[in-house]
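Novice: I'd like to ask you about the structure that follows.
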Amino acid sequence: MLTLIGVAIVVVGFLARFNPLLVVTVAAIATGLLGGLSAPHVIAAFGKAFNDSRYVSVVFLVLPVIGLLERGGLLERGRMLIAGIGAATGGRLLLLYFVLRQLSAALGLTSLGGQAQMVRPLIAPMAEAAAENRLGPLPDRLRFLIRAHAAGADNVGAFFGEDIFIAFGSVLLIKGFLQQNGIETQPLRLSVWAIPTALTALVIHGTRLFLLDRRLAREAAK
């Protein structure tokens, strides 16, 4: 039970709003030491995890490219494109992106979307432009609302879609955990059982995005 102290450290650290990286690191070290690992083994585990997840550092290559594209007028081009589509609305655009994001993640193409490479430079500005076409200039509170829904569409779509892909890390992690505890299963079965959850997320979050236009209209009229 002492190993659960790591969970308590995470909860307390996040509630106190300490640096998330520091909180997780301290929690991991405490869990490893209380679990019977020596300090060198804990450090080795950190090194292995960093090496296995080194693709995460790719974001540092993506951000400068996005910055150059924005400087070259990417945001303005996206707004101009949406301005020429009369049927486009903020809610419809985000709903379309959400469906495409979930489908692509289910096929293992998680890199096709993302906060840095899609939401920030393209999806959010295009959704704002679509809303402005119908409602006129938007106050900051509605702009932030649209941006929050754009970020949520990406997160929810990717989170519930990626578990359907049989070679995704979380599916293999679940399989390995079950196998260690004497339960034999195949990644395909885990992926199949992820489909109902993904469909439920599609209906629930898709409905929220579908109703977003009505909410924007009400808020703009105040």
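The values are calculated or read from the model by the stated rules, or taken from the named source; none is laboratory data. No experiment lies behind these values; they were computed from the predicted model shown. Cβ placement follows ideal geometry from the backbone for every residue including glycine, while neighbour counts extend to all protein chains displayed. Just the protein is used for accessible areas: all its heavy atoms, side chains included, with ligands, DNA and RNA removed. Shrake-Rupley method; radii C 1.70, N 1.55, O 1.52, S 1.80 Å.
Novice: Which numbered condition in (1) open to solvent by 40 Å² or more (accessible area, probe 1.4 Å); (2) modelled with pLDDT of 80 or more is the only one that residue 174 fails?
Specialist: Only one criterion is unmet by residue 174, namely (2).
Novice: Turning to a different aspect of this structure: Of all residues in region 88-105, which are assigned to a helix (DSSP H, G or I), open to solvent by less than 20 Å² (accessible area, probe 1.4 Å) and touching a residue at least 60 places away in the same chain (Cβ under 8 Å)?
Specialist: 90, 91, 94, 98, 101, 102, 105
Novice: Right, something else. Mind listing whichever residues of region 106-124 are of a type in the set (A, V, I, L, M, F, W, C) and part of a helix (DSSP H, G or I)? Talk me through it step by step, then tell me what you get.
Specialist: Taking region 106-124 first, the residues of a type in the set (A, V, I, L, M, F, W, C) are 106-107, 109, 112, 116, 118-119, 122-124.
106, 112, 116, 118, 119, 122, 123, 124 - these are the residues of region 106-124 that are of a type in the set (A, V, I, L, M, F, W, C) and part of a helix (DSSP H, G or I).
Novice: Condition check: at pLDDT below 85 and either open to solvent by less than 80 Å² (accessible area, probe 1.4 Å) or of a type in the set (Asp, Glu) (or both). Does residue 127 satisfy that?
Specialist: Against the criterion (at pLDDT below 85 and either open to solvent by less than 80 Å² (accessible area, probe 1.4 Å) or of a type in the set (Asp, Glu) (or both)), residue 127 does not qualify.
Novice: Out of the residues in region 196-222 that are charged (D, E, K, R) and out of contact with any helix residue (DSSP H, G or I) (no Cβ under 7 Å at 6 or more places or on another chain), state the one that is surrounded by the fewest Cβ atoms within 10 Å (Cβ to Cβ).
Specialist: Residue satisfying both the conditions and the ranking: 222.
Novice: Across region 111-151, what is the number of residues that are more than 18 Å from residue 91 (Cβ to Cβ) and not small (Gly, Ala, Ser)?
Specialist: Total satisfying the criteria: 7.
Novice: Restricting attention to helices (runs of 4 or more DSSP H) lying wholly within region 125-221, give those where 3 or more residues are in the same structural domain as residue 103 (by TED's automatic domain parsing) and under 16 Å from the mean Cα position of the chain (by Cα).
Specialist: Details: elements: 140-162, 169-180, 187-210, 212-221.
In region 125-221, 140-162, 187-210 are the helices (runs of 4 or more DSSP H) which contain 3 or more residues that are in the same structural domain as residue 103 (by TED's automatic domain parsing) and under 16 Å from the mean Cα position of the chain (by Cα).
Novice: Then there is this: Which one of these is modelled with pLDDT of 65 or more and assigned to a helix (DSSP H, G or I): 37, 33, 75? Spell out the reasoning first.
Specialist: Details: 37 fails: assigned to a helix (DSSP H, G or I); 75 fails: modelled with pLDDT of 65 or more.
Sole residue among the options that is modelled with pLDDT of 65 or more and assigned to a helix (DSSP H, G or I): 33.
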